[in-house]
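Please treat every number below as a calculation from the coordinates, not as lab data. Just so it is clear, the structure is predicted and the values come from calculations on it, not from any experiment. Positions of Cβ are generated from backbone atoms using ideal geometry, with glycine treated the same way; all protein chains shown enter the neighbour counts.
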Amino acid sequence: MTEGQFLDNFVSMPKVTVNSKSAKTQAEAFEVVKDFISNDPDLKKLDPSYKVDFNESNHSGQAKGKQFSAQLRVSGDGDGSSVEIVVDLPFMLSPFKGKIQSSLKEKLDNALA
């Protein structure tokens, strides 16, 4: 392990991973997730400065702000789709990691229903 890799591991932010399955097609689920990530009022409260960038061709995207960053991917899964969102949190939010994960999962599941 190089010194740079050691430092990257040492200063890496806590991660929250949320997975959800949907009966929606990959394209439909991607549109729902784009709308959710772009417009969720709780995300805007957490970090009003965050910006989103989506890659239509591979059904992925990222959100980045001062308080968090996130990567998302929507994959085809049989007749439906699966969504994975990985959020990097600042250390000060580490104690709330479980609550953030369950809240994000609930909102994502509801959006994809």
Of residues in the stretch 92-108 being in contact (Cβ under 8 Å) with a residue 24 or more places away in the chain and over 16 Å from F36 (Cβ atoms), the one surrounded by the fewest Cβ atoms within 10 Å (Cβ to Cβ): S94
Options G78, G61: the member that is touching a Leu at 6+ places or on another chain (Cβ under 6 Å) and more than 15 Å from K15 (Cβ to Cβ): G61
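Going by what's in this entry, would F68 be described as surrounded by 17 or more Cβ atoms within 10 Å (Cβ to Cβ) and aromatic (F, W, Y)?
On the way: surrounded by 17 or more Cβ atoms within 10 Å (Cβ to Cβ): yes; aromatic (F, W, Y): yes.
Taking the combined requirement at face value, the residue satisfies it.
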Enumeration of residues in the stretch 13-28 that are under 14 Å from N55 (Cα atoms) and surrounded by 14 or more Cβ atoms within 10 Å (Cβ to Cβ): Q26
Given (1) polar (S, T, N, Q); (2) more than 14 Å from V18 (Cβ to Cβ); (3) outside any loop (DSSP other than H, G, I, E, B), index of the condition S102 fails: (2)
Listing of strands (runs of 3 or more DSSP E) fully contained in the stretch 8-91 that carry 3 or more residues being free of Cβ contacts under 8 Å to residues at least 60 places away in the same chain and under 14 Å from the mean Cα position of the chain (by Cα): 51-55, 60-64, 69-77
